[in-house]
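Reviewing the structure listed below.
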């Protein structure tokens, strides 16, 4: 950017002359589509989660270590996915809707009061087959099929050092169905 200041001054004999002061500088500006970036990461995460063949570590690739509830959001989410993979196989008729994103730096999500700079709410439905027999998680026998639907709430934070958005937490709000212990 160049800033030019033009002004009148006097020459050596006292006559007015036109002069200018010129400054040249450069700056960088980062522009982000918060809604698009957070929404895309949220949907990407839920689609990866919905494929039981995808390793948990791959599903959480857009989560930032050290953020989320107690600073353990990424590791908590990865552990929950690993437990889900042990107990269920998600069948291919799952549904992940579009993300509804709210940007509110330092805000709090409506569900479980998680802190974040933004959050996404995504309607989901999973139809799964039980890999274990455990009635406490909705699996009366191996091979039983169970369905759950609800909203997945994901918090996100903007990290200036990496100049990008990251997911921090994911919380599933079940809205009924036959699956009680479904972790996500």
Taking the stretch 81-101 and keeping residues surrounded by 18 or more Cβ atoms within 10 Å (Cβ to Cβ) and farther than 18 Å from residue 125 by Cβ leaves 85, 101
Within the stretch 8-48, which residues are in contact with a strand residue (DSSP E or B) (Cβ under 6 Å, 6 or more places away or on another chain), touching a residue at least 12 places away in the same chain (Cβ under 8 Å) and part of a strand (DSSP E or B)? 19, 20, 21, 22, 23, 24
Which of (1) more than 18 Å from the chain's Cα centre (by Cα); (2) surrounded by 13 or more Cβ atoms within 10 Å (Cβ to Cβ) does residue 23 not meet, given it meets every other one? (2)
I'd like the full set of residues that are in contact with a strand residue (DSSP E or B) (Cβ under 6 Å, 6 or more places away or on another chain) and within 13 Å of residue 153 (Cα to Cα), limited to the stretch 70-102. 73, 77, 96, 97, 99, 100, 101, 102
Members of the stretch 49-68 that are out of contact with any strand residue (DSSP E or B) (no Cβ under 6 Å at 6 or more places or on another chain) and closer than 13 Å to residue 157 by Cβ: 65, 66
Can you pull out the residues in the stretch 54-73 that are part of a helix (DSSP H, G or I) and at pLDDT below 95? 69, 70, 71, 73
Among the listed residues 138, 150, 106, identify the single one that is more than 25 Å from residue 61 (Cβ to Cβ) and surrounded by 15 or more Cβ atoms within 10 Å (Cβ to Cβ). 138
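Yes or no, residue by residue, for (1) in contact (Cβ under 8 Å) with a residue 60 or more places away in the chain; (2) within 12 Å of residue 90 (Cα to Cα):
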{"position": "118", "(1), (2)": "yes, no"}
{"position": "123", "(1), (2)": "no, no"}
{"position": "131", "(1), (2)": "no, yes"}
{"position": "138", "(1), (2)": "no, no"}
{"position": "158", "(1), (2)": "yes, no"}
{"position": "161", "(1), (2)": "no, no"}
Please find, among 150, 174, the residue that is farther than 20 Å from residue 35 by Cα, free of Cβ contacts under 8 Å to residues at least 60 places away in the same chain and either assigned to a loop (DSSP other than H, G, I, E, B) or more than 18 Å from the chain's Cα centre (by Cα) (or both). 174
Take the residues of the stretch 56-80 that are surrounded by fewer than 18 Cβ atoms within 10 Å (Cβ to Cβ) and at positive phi: which is farthest from the chain's Cα centre (by Cα)? 70
Picking from 101, 124, which residue would you name as being at pLDDT 95 or above, assigned to a strand (DSSP E or B), under 15 Å from the mean Cα position of the chain (by Cα) and under 30 Å from residue 34 (Cα atoms)? 101
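The values are calculated or read from the model by the stated rules, or taken from the named source; none is laboratory data. These numbers were taken from a predicted model, which means no experiment stands behind them. Virtual Cβ from ideal backbone geometry, glycine too; neighbours counted across all protein chains shown.
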